[in-house]
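The values are calculated or read from the model by the stated rules, or taken from the named source; none is laboratory data. Just so it is clear, the model here is predicted, and its values are computed rather than measured. Cβ placement follows ideal geometry from the backbone for every residue including glycine, while neighbour counts extend to all protein chains displayed. Please note that ligands, DNA and RNA were not included when accessible areas were found on the heavy atoms of the full protein model with its side chains. Shrake-Rupley method; radii C 1.70, N 1.55, O 1.52, S 1.80 Å.
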Amino acid sequence: MQLFFFVSGVFSYNSAKKGLKVAVIEKIKRLLIPYFIWVVLSSVVKVIFESYQNNPRDLSVLLLSWYTPVGIYWFLYILFFIQIFYIIAVSVLKTEKKSNTVFFIISLLIYIFGYRLEILPMYWVFYTIAGFQIFFALGLFTRKAFGIMDEKIKKKPALLYKIGQKTMDI
């Protein structure tokens with residue numbers, strides 16, 4: 001999953017620079033709506049076939065799904081919040097270099113104090129964000145460090161080849 005968050009970081013600046021309102025609406029459409037659709041569909045199927053399961057589920061899980069991610073779709077939920085934090089950083093700090101740097105420092109501190117040392121009080125969602133936000137931030141720096149620019153993002157096969165090539169060089 002670390003790789004998933006890393007790659008998401010590589011491609012996030014273009015949507016974040018669209019502005020706070022536009023970017024947040026885009027992330028709701030691309031991450032939250034699919035999350036809730038799949039939670040509802042999988043919950044209904046699990047309720048229908050509960051007699052064939054070891055861990056049956058009732059529909060009350062739908063009421064909890066807005067603050068406790070359900071099943072295998074947790075990554076969409078967590079990625080949504082990480083991207084919202086980054087969009088806010090870009091909106092406040094205005095430049096890619098400043099926003100990436102501040103976001104990385106905050107991510108590193110949250111990772112150290114929240115995830116590794118467990119000093120901060122943690123609920124599952126905060127603990128998971130603390131564990132994966134650092135990989136998203138590393139993806140942001142990789143985009144800049146390897147010269148992955150906007151025009152290259154349109155050429156996805158070439159971009160993925162370049163990322164793979166640079167990764168193997170390390």
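Contact map, the stretch 32-55: first residue in contact (Cβ under 8 Å) with a residue 12 or more places away in the chain and at negative phi, second residue assigned to a helix (DSSP H, G or I) and hydrophobic (A, V, I, L, M, F, W, C), Cβ cut-off under 7 Å, separation 6 or more or different chains; pairs are LEU32/PHE80; PRO34/LEU76; TYR35/LEU76; VAL39/LEU62; VAL40/LEU62; SER43/VAL61; SER43/LEU62. Of the residues that make up the stretch 31-43, is at least one surrounded by fewer than 13 Cβ atoms within 10 Å (Cβ to Cβ), over 15 Å from PHE80 (Cβ atoms) and under 18 Å from the mean Cα position of the chain (by Cα)? Scanning the stretch 31-43, I find no residue that is surrounded by fewer than 13 Cβ atoms within 10 Å (Cβ to Cβ), over 15 Å from PHE80 (Cβ atoms) and under 18 Å from the mean Cα position of the chain (by Cα), so the answer is no. For the stretch 93-127, the candidate set comprises residues that are open to solvent by less than 10 Å² (accessible area, probe 1.4 Å) and in contact (Cβ under 8 Å) with a residue 40 or more places away in the chain; within that set, the residue that is farthest from VAL7 (Cα to Cα) is SER99.
Selection within the stretch 7-24: residues that are outside any helix (DSSP H, G or I) and among the small types (Gly, Ala, Ser). The member of this set that is farthest from the chain's Cα centre (by Cα) is GLY19. Given the criteria under 16 Å from the mean Cα position of the chain (by Cα) and surrounded by 14 or more Cβ atoms within 10 Å (Cβ to Cβ), does ILE72 qualify? In short, no.
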